[in-house]
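See structure below.
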Ligand SMILES: [Zn+2]
């Protein structure tokens with residue numbers, strides 16, 4: 001079966017190689033190992049080839065033919081050799097395919113963010129669930145929040161959308177403001193009642 005669908009063309013072949021593929025009723029498990037020999041320190045940006053060890057990363061990717069896609073990646077840890085850097089060891093990232101601590105691939109996160117901006121965070125989670133992409137509404141908004149904080153502050157148009165969310169499950173609620181024209185977040189506010197929005201012009 002595996003010969004019919006060449007899964008390796010869907011992954012960055014210079015960084016990762018597939019070692020096995022297992023099927024379950026509603027999920028596909030793809031085991032892969034890192035092929036890297038160097039990585040850039042996330043703190044100082046210096047390249048290092050000093051290998052420290054391996055660890056197993058479990059991340060979700062876009063569903064494959066309606067099945068949840070789980071990647072089990074044997075990834076590398078490296079040592080930062082920059083003496084003025086606070087990092088001693090760090091986990092590699094995979095150059096736009098997977099970030100350092102992401103629990104899903106970047107293309108999976110891109111899709112979820114786009115869907116959330118076009119619908120709502122809860123609507124996005126329901127559509128994802130129907131596609132066997134496992135994410136909760138609160139996790140959608142945390143993903144948006146993390147990405148928003150990495151973006152430069154943007155101008156806001158005349159129409160906005162407002163949605164509330166929990167920073168942590170059932171605790172500490174916040175409000176996200178989205179520019180309806182660009183579908184980009186323009187503000188994250190603490191609290192979720194009417195006062196929160198009226199007190200944060
Ligand atoms: Zn460093």
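Overview of values
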| quantity | calculated |
| --- | --- |
| Filter pass, residue 112 being at pLDDT below 90 and within 18 Å of residue 60 (Cα to Cα) | no |
| Failed condition for residue 58, given (1) surrounded by fewer than 16 Cβ atoms within 10 Å (Cβ to Cβ); (2) in contact with a helix residue (DSSP H, G or I) (Cβ under 7 Å, 6 or more places away or on another chain) | (2) |
| Positions within the range 92-124 being buried (at least 17 other Cβ atoms within 10 Å of the Cβ) and within 16 Å of the ligand (Cβ to nearest atom), in sequence order | 92, 93 |
| Failed item, numbered, when residue 131 is tested on (1) in contact with a strand residue (DSSP E or B) (Cβ under 6 Å, 6 or more places away or on another chain); (2) under 17 Å from residue 185 (Cβ atoms); (3) surrounded by fewer than 20 Cβ atoms within 10 Å (Cβ to Cβ) | (2) |
| Near pairs, Cβ below 6 angstrom, 6+ apart or cross-chain, from the range 22-48 (touching a residue at least 24 places away in the same chain (Cβ under 8 Å) and closer than 15 Å to residue 99 by Cα) to any residue that is away from the ligand (no atom under 16 Å from the Cβ) and in a strand (DSSP E or B) | 34/75 |
| Single residue of the range 145-180 satisfying the filter (within 19 Å of residue 110 (Cα to Cα) and out of contact with any strand residue (DSSP E or B) (no Cβ under 9 Å at 6 or more places or on another chain)) that is modelled with the lowest pLDDT | 152 |
| Residues being outside any loop (DSSP other than H, G, I, E, B) and away from the ligand (no atom under 16 Å from the Cβ) - total across the range 29-51 | 6 |
| Check on residue 35, at negative phi and exposed (fewer than 15 other Cβ atoms within 10 Å of the Cβ) | yes |
| Test: residue in the range 72-87 that is within 19 Å of the chain's Cα centre (by Cα) and surrounded by fewer than 14 Cβ atoms within 10 Å (Cβ to Cβ) | no |
| Residue count for the range 123-152, restricted to those that are more than 12 Å from the chain's Cα centre (by Cα) and touching a residue at least 40 places away in the same chain (Cβ under 8 Å) | 5 |
| Yes/no for residue 79 being within 13 Å of the ligand (Cβ to nearest atom), farther than 26 Å from residue 178 by Cβ and modelled with pLDDT of 95 or more | yes |
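Conditions tested, residue by residue: (1) in a loop (DSSP other than H, G, I, E, B); (2) farther than 19 Å from residue 104 by Cα; (3) modelled with pLDDT under 95.
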position: 5; (1), (2), (3): yes, yes, yes
position: 9; (1), (2), (3): no, no, yes
position: 13; (1), (2), (3): yes, no, yes
position: 83; (1), (2), (3): yes, yes, yes
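The values are calculated or read from the model by the stated rules, or taken from the named source; none is laboratory data. Remember, it's a predicted structure, so these values are computed and weren't measured experimentally. We place every Cβ from the backbone using ideal geometry, glycine too, and count neighbours over all the protein chains shown.
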